[in-house]
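The values are calculated or read from the model by the stated rules, or taken from the named source; none is laboratory data. Remember, it's a predicted structure, so these values are computed and weren't measured experimentally. Here Cβ is always computed from backbone atoms with ideal geometry, including for glycine, and neighbour counts include all displayed protein chains. Just the protein is used for accessible areas: all its heavy atoms, side chains included, with ligands, DNA and RNA removed. Shrake-Rupley method; radii C 1.70, N 1.55, O 1.52, S 1.80 Å.
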Amino acid sequence: MSKEQHEAIKENSMLIQKEMLAKQFKELSTATELGKKVVYTFVPGNLTELILSFDMLPVYPEINALQSGMRKKSADYIRDAEKIGYSEDVCTYVKCDIGMMLNGNIGPTGEKLPPPDLLLLSYTGCFTFLKWFENLERLYPGVPVAMLHTPYQEDGKISQDQVDYMVKQMNEEVIPKMEMVSGKKFDLERLSKMLVNSAKAEDLLVKVLESAKHVPSPIDAYFAGVYYIGPIFTAFRGTEEAVEYYTELWKEVQERMRLGLGPITPEGELKEEKFRLVVEGPPNWTNFREFWKIFYDMGAVIVASSYTKVGGVYDQGFRHDPNAPLESLAKYCMGVYTNLNLPQRVDLLEKYVEEYKADGFLINSIKSCNSFSAGQLMIMREIEQRSGVPVGFIESDLVDPRYFSYANIKNRLESYFQMLGQRKIIMKQVEAEI
Amino acid sequence: MKVLEEILQECELLAFDLNFSRAKQWKSEDPKRIIVGYLPIYVPREIIHAANGISVGIMGSGDRKQIIKGDAYYQSYICHLPRGIIEMALDNNLDGFDGFLFPAICDCVRNLSGMFKLSKKGKFQRYFDYPQNFDPNIGGTFYKQEIGKVIDDMFAINGIKITSEAINHSIGLYNKNRFLIEKIYEIRQAAPWKLTAVETYYILRAGQVIPVEEHNEILEQVVSHLQNERGEPMDNIRIVVSGSFCEQPPIGLIKSIELAGCYIVEDDFMLGSRWIQGDINATTDNPLEALADAYINQSTFSSAYYDVGNPKGKRLVKLSKERDADGIIFCAASFCDPALLDRPEMQKECDLAGIPHINFQFHENTGQFKVIKEQAGTFSDSIKLWA
């Protein structure tokens, strides 16, 4: 397909997001000269609105790592981190980030990222975050670290004690450090106003994600889904721009539904939806396009995924609440997918299979990510037993291309799709006989 | 008093009894008794003891059990410990356990708690979250709430309401336990040939699976025996082993290090038994506060705990100097994110302090030690010849 044809299928929302990102990285590249303070933090359970309310700029190391993966730079970065002693066994996001630092901290747009003024360790749903920032603290000596410990949803619910614990940490640890670094006083009213925007964008995102319940689905909730969640999971939640982006996106999705169109893929519109899948686990970034192509070539559409919930399980009703800003941020942090216990995850995935009328359930198990991967084989069995849909299992990595075996994955997926196809034929025959 | 060799033999049997027979026998003597299993590294065992329970450390199946079913639950890139534990659960080794605690040390152990929940193993399965905030008013309060949940879990089983007196009594017993363990380490500090690292390991690991009162008796006898001469000093170097705080190295590996010419004068194998440094207040009206204070102010260090403000690398160097060690061996389980992510920075601290170090990785069921022995031997020789 020619470059012109690729350009032709860019929807307005895609162009808006591209501009938002370009502006964000431009701002980051000039942060030091403009005197803007920079906060490094993580995507799951982030406090973006709080950071923005101090006029500071957030940087998300996982996003840098995945962008490096998509731009084929991660292999070298990982190798450089391994050269200084990081084991082959450990998280490749961490190694990619450290490798990027060793190579001048050049961001995804080719511009240098500023060093942090504050390391905000929002320790949510992933133990490695803790280790990651301990390492960064030593690589950026003297930079203050604010720790926000998010309790795990051990009992399958959020208790008031846990909310109080988090709010206390924000009041006595996080906010004072933000005030110190930014030189500004905390402005609760400003934060509240931002949360109004957050809730608006969250409403719209949920509508977009739930449009996949429609048959055929107008969206791919995994491969395209990772773009849809971009602004709200990162630096734009709480901003007018995010609301505008999601308004535009929702408008486009509605139009696609009205016309009965399928999702847009990098090679144009999917003409026929053959299989509807629920996917558990993050995608592979180093071979993202190739990976996606295996699916759309077979007419497979991902109608729901757990990965698009790592920055918030909004479709289960959570909204940021401007009337209780800090409590709401606490509940948000505790509610993200990787902070759910395994029984909660299984319940959610089972619900997705049913509500989104999925033909199958697939796990992309990531070598680097124990937060997702440990226990996935049991999740798979539970879903198979409860829902009766065929399950599939493939393995890859986030940003280490050494662990993406195209032929192996394609082979497994083709067999899986053949099985789904046969099952559909048999089920049709059974229905006809009844 | 039993002779030392007899004690060591008994401890070896207890340490690797994967059916936890002594704990089950202890429970069978009183219907109100309970068994609470816990994973590495640390839980405040005092509260379980105070609730008429026995806390049993589930340290993995090591190289003593063939893993068949466990491998079907875990991908190849996940450490070995949880697959051995799942195997034990499926083979009924853990039958009779009333509850399980999964300390917050990594994502694998955390998600294993969910797998036990889904499998409905035991009457409760609890991920035991630790505060990562070390302000007593914030993290301390959270910690007490976490302990309170475990107390409620146990109360729901045996109906025993624990009193301050009961917890104080239990704290006293564990204070004694830690004191005696440290005594053994001190004796070995001065004369490591008196008790090998493997023998020390048997003694400490046995303490994970028997009542603390019985373990204290054993420790007292061992300390008494060690007042006498035993063994001969050898031309070995003195080393610290770091990174084996969760998945345990096989005995063959520890032996190989020793046979290669290294006295292991400090290690983190059974770190949970030594987690709190010094005594906890056992004469207080608020023992939960005392346990929380001890956790916040008297914890040792490990890769599984947040350390900004008190970096582990510096603490390791300090410990190494206190033990008068010649070098450090970083010995982490494969795929252990906490230990392996710490390693580069800890090694950097060793370099700055001029402490030689080497590293290798293992699985709990590693069977080949030749390479490790050669590596440790070369390390020992190089220090003896050129340090």
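Assorted remarks:
- Mean ellipticity per residue at 222 nm, deg cm²/dmol - from DSSP H runs of n ≥ 4 across chain B, formula -39500 (n - 2.57): -15000 deg cm²/dmol
- Farthest toward the positive end of the dipole of segment A:309-434, out of A:Ser368, A:Leu340, A:Val313, is the Cα of A:Ser368, where the dipole comes from beta carbon charges about the Cα centre.
- Relative contact order [Cα under 8 Å, 6+ residues apart], chain A, whole percent: 19 percent
- Taking the 1.4 Å solvent-accessible surface of segment A:281-417 as the whole, the part contributed by carbon and sulfur is 47%.
- A crude spin-label estimate for the pair B:Asn297 and B:Leu352, with each label 7 Å from Cα along the Cβ direction, gives 2.8 nm.
- Label-zone membership for segment A:241-257, site A:Lys424, 7 angstrom Cα→C-beta point, backbone N under 20 Å: A:257
- When the alpha-carbon atoms of the protein assembly as shown are used, the pair Rg, Dmax equals 27.6, 90 angstrom.
- Judged by the gyration tensor of its Cα atoms, with axes a ≥ b ≥ c, segment A:26-186 is oblate; a/c meets the 1.5 cut and b/c is at least as large as a/b.
- Set of aspartates and glutamates with alpha-carbon distance to A:Lys185 below 12 Å, sequence-local pairs under 8 removed: A:Asp55
- Within chain A, all pairs of alpha-carbon atoms sorted by distance into 20 Å bins from zero give the percentages 26, 60, 14, 1.
- Note on segment A:188-261 and segment A:376-434: Cα centroid distance 28 Å, given to the nearest whole angstrom.
- Modelled spin-label separation between B:Glu214 and A:Glu189, with each label point placed 7 Å from Cα along the Cα-to-Cβ direction: 6.9 nm.
- Among the listed pairs A:Lys351/B:Lys120; B:Lys117/B:Lys318; B:Lys27/B:Lys312; A:Lys37/A:Lys83; B:Lys27/B:Lys373, those beyond 30 Å (Cα-Cα): B:Lys117/B:Lys318; B:Lys27/B:Lys312; A:Lys37/A:Lys83; B:Lys27/B:Lys373
- Each label point was placed 7 Å from the Cα along the Cα-to-Cβ direction; for A:His214 and A:Ile106 their separation is 4.3 nm.
- Calculated FRET efficiency, A:Met180 to B:Phe179, Cβ-Cβ distance, R0 = 45 Å: about 0.60 to the nearest 0.05.
- The 3J(HN,Hα) values that the Karplus relation (6.51, -1.76, 1.60; θ = phi - 60°) gives for segment A:227-236 are, in residue order, 6, 4, 7, x, x, 7, 8, 10, 7, 10 Hz. Gly and Pro appear as x.
- Theoretical ellipticity at 222 nm over chain A - DSSP helices of four or more residues, -39500 (n - 2.57) apiece, nearest 500: -16000 deg cm²/dmol
- Highest GNM mean-square fluctuation among A:Ile175, A:Ile84, A:Ile363, for chain A modelled with Cα contacts below 10 Å: A:Ile84.
- Karplus (6.51, -1.76, 1.60) ³J(HN,Hα), θ = phi - 60°, over segment B:201-215, in Hz, Gly and Pro reported as x: 4, 4, 5, 6, 5, 4, x, 7, 10, 10, x, 4, 4, 5, 5
- Accessible-area loss of 10 Å² or more (1.4 Å probe, protein heavy atoms, chain alone versus all protein chains) is found in segment A:163-183 for A:Tyr165, A:Lys168, A:Gln169, A:Glu172, A:Glu173.
- Structure note, pairs A:Lys213/A:Lys274; B:Lys123/B:Lys176; A:Lys367/B:Lys370; A:Lys72/A:Lys293; B:Lys24/B:Lys65; A:Lys168/A:Lys193: Cα-Cα distances above 24 angstrom occur for B:Lys123/B:Lys176; A:Lys367/B:Lys370.
- Residues A:Arg402 and B:Glu229, FRET efficiency given R0 of 60 Å [Cβ-Cβ distance, rounded to 0.05]: 0.60
- Simple rule: put +1 on each Lys or Arg Cβ and -1 on each Asp or Glu Cβ in chain B, find the dipole, and look at B:Ile171, B:Pro344, B:Asn158; the Cα lying farthest toward the positive end is B:Asn158.
- Partners for B:Lys149 among aspartates and glutamates (Cα-Cα distance below 16 Å; same-chain residues under 8 apart left out): A:Glu154, A:Asp155, A:Asp161, B:Glu46, B:Asp98, B:Asp129, B:Glu289
- Seen against the Cα atoms of chain A and their longest principal axis, helix A:127-139 is set at about 40 degrees.
- Averaged over B:126-134, number of beta-carbon atoms from partner chains that fall within 10 Å: 5
- About its Cα centre, the dipole of chain A is roughly 580 debye, where the only charges are +1 on Lys and Arg Cβ and -1 on Asp and Glu Cβ.
- Alpha carbon convex hull of segment B:19-160, volume per residue in cubic angstrom: 108 Å³
- Full-stretch length increase - A:Glu414, A:Asp297 - with 0.36 nm per residue and alpha-carbon distance subtracted: 41.1 nm
- Between B and A, accessible area buried - total, square angstrom, nearest 100, 1.4 angstrom probe: 4800 Å²
- Each Lys and Arg contributes +1 and each Asp and Glu -1, all at the Cβ; summed about the Cα centre of segment B:320-387, the dipole is approximately 220 debye.
- Crossing angle, helix B:164-190 versus chain B [Cα axis fit, 0-90 degrees, rounded to tens]: 10 degrees
- Folded to 0 to 90 degrees: helix A:12-29 orientation relative to chain A principal axis, Cα: 30 degrees
- Check: segment A:26-186 dipole with +1 on Lys, Arg Cβ and -1 on Asp, Glu Cβ, in debye: 520 debye
- Long-range HN-HN contacts of A:Ala146 with modeled amide H, under 5 Å: A:Leu119, A:Leu120, A:Leu121
- Set of lysines with alpha-carbon distance to B:Lys194 below 16 Å, sequence-local pairs under 8 removed: B:Lys183, B:Lys255
- Partner chain coverage, peptide A:372-385 - average Cβ within 10 angstrom: 5
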